[in-house]
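The values are calculated or read from the model by the stated rules, or taken from the named source; none is laboratory data. Everything numeric here is computed off the predicted structure, so don't read it as measured data. Backbone-built Cβ (ideal geometry, glycine too); neighbour counts: all protein chains shown.
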Amino acid sequence: MSRRRDPVWIALILLGAALGLVALMLPDQIAQAELLLGFVVLIVIAYAKPVWAIGTWLIAVQSSPEMWLSDLIGHHELIIAVLKAAGLIVMALAAWREGARFDRFNPGFAFGAMFVGGVVHGLWPGLSLLGSLRSLIGSAAPFSAGFIKLSAPMRRVIIGVTIVGPALTVLFGAVLDGLGLRAMVGFQQGALRLAAASSPAFLGGFAMIGVYAGVLAYLRRQNMWLLGWIGIDLMILVATGARAPLGLAAFVLIATLIAVPSAQLSLHRRLVLLSLLVGAAGLMALALPDLRFIRVIDLWRLGEAGDLSNRTLIWPAFERAIAASPWLGWGVGAGKVVVNLHSALGELLGTNAAHCEYLRIPTEGGLIGATLLVTLLVLWVWRGSAKLPRDQRIVIRLVFFAFAVQSVTDNTLIATTSLAFFTWARAVLVFADESVS
């Protein structure tokens, strides 16, 4: 495919013309004009350099601006909406530049069907049509990369940023901490949790995805640096105290070393890597009394490693909502309003999210919507992994098995971690109309 000429020069001409126009404006119009100007220039540059644009957007996603920026200016929900909207714009520009494709098994279609079902049946009281439409866009946004013909450089950048992103977030968190804007670590029940610029749960989620990406990248090309990055992401996971992401990352890593046949993993290398993992776990066990300040170890010591942090308290509300409309649900976005955030339960938990996709999705789309979503997800992964080498095919399917398990206790489809996870997964998957790079 022939490439269009990079239109960065158009952005510079627009910049000069707009600056001249701004100079003639009244003072109260200058701020709005400068904002519009910056937006136009960013769009043109994103069109000119789609690989850079997607990489920059993924770095922004992993830095969790809905955490650190909302601490400074507020507007948590607005920041999430802007982050997802920016992703949709970047993906649309990339599809325009690199080429678009029809992704017939894209899971985002399920949310469209759920939206229609909710409108036909009637929305949950307190959920407006506009609110449901916004939730539809936000729910489908993580799957938007499926409609792009990804070039090899774009795949490499997505995978690379996914691997190193958590470390960049930690470095950015250190800068914010040094400036006195945001604490890098927090404490829960006396145990340390690394948050950096994000939150412990989200940073742990991104680090887990980084481990997945590192394992698959290593199977693609044997690079010792990748093992180092996997180790860094694992250390970040331990420091965050995010138990489910740590356990699932360890599961995928150990299962790959033990059971996945691969030319990249000789018996000697498998034994060395397994020995390193066992040795690290052994050192942590020996130092257990001195490492109680780390949350994962403290919960293990207290016998609370399997505690669900009061998640089960909110589940009955979603179960009642499903029972009231089992087939079509209450519309996309109903999961945000089934429990009032300012109710006694919402205040106690500090959230009104289900933290269980097997309850949230049937609440919003009923059994029909949930079945359609699961079916499309399975087909999307199965078809997209069919052309991969055997070892990579097994591992990506293991990753999605782990994703299914994590969905029991986490908001895996609606949280901003889903933007990174599904964009990375799309960079790994190769569909029938594509070639293995």
Checklist entry - When you go through D410, D391 one by one, which is the residue that is closer than 25 Å to T162 by Cβ, charged (D, E, K, R) and surrounded by 22 or more Cβ atoms within 10 Å (Cβ to Cβ)? => result D410
Checklist entry - Listed residues V185, V161, V215; which is crowded, with 19+ Cβ neighbours inside 10 Å, over 28 Å from S275 (Cβ atoms) and of a type in the set (V, I, T)? => result V161
Checklist entry - Does R193 fit the bill of being in contact with a Phe, Trp or Tyr (Cβ under 9 Å, 6 or more places away or on another chain), basic (K, R) and touching a residue at least 40 places away in the same chain (Cβ under 8 Å)? => result yes
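Which residues, counting only those in the stretch 89-111, are surrounded by fewer than 15 Cβ atoms within 10 Å (Cβ to Cβ) and either without any contact (Cβ under 8 Å) to a residue 12 or more places away in the chain or in a helix (DSSP H, G or I) (or both)?
Those that are surrounded by fewer than 15 Cβ atoms within 10 Å (Cβ to Cβ) and either without any contact (Cβ under 8 Å) to a residue 12 or more places away in the chain or in a helix (DSSP H, G or I) (or both): W96, R104.
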Item to check | Residue tally, condition out of contact with any Phe, Trp or Tyr (no Cβ under 9 Å at 6 or more places or on another chain), at pLDDT 60 or above and crowded, with 16+ Cβ neighbours inside 10 Å, over the stretch 288-321 | outcome: 4
Checklist entry - Which ones in the stretch 223-273 are of a type in the set (S, T, N, Q) and surrounded by 14 or more Cβ atoms within 10 Å (Cβ to Cβ)? => result T240, T256, S262, Q264
Checklist entry - Within the stretch 165-181, which residues are surrounded by fewer than 18 Cβ atoms within 10 Å (Cβ to Cβ) and in contact (Cβ under 8 Å) with a residue 60 or more places away in the chain? => result L168, L181
Checklist entry - From the list L72, L21, L15, which one is over 25 Å from L133 (Cβ atoms), surrounded by fewer than 19 Cβ atoms within 10 Å (Cβ to Cβ) and either modelled with pLDDT of 65 or more or touching a strand residue (DSSP E or B) at 6+ places or on another chain (Cβ under 6 Å) (or both)? => result L72
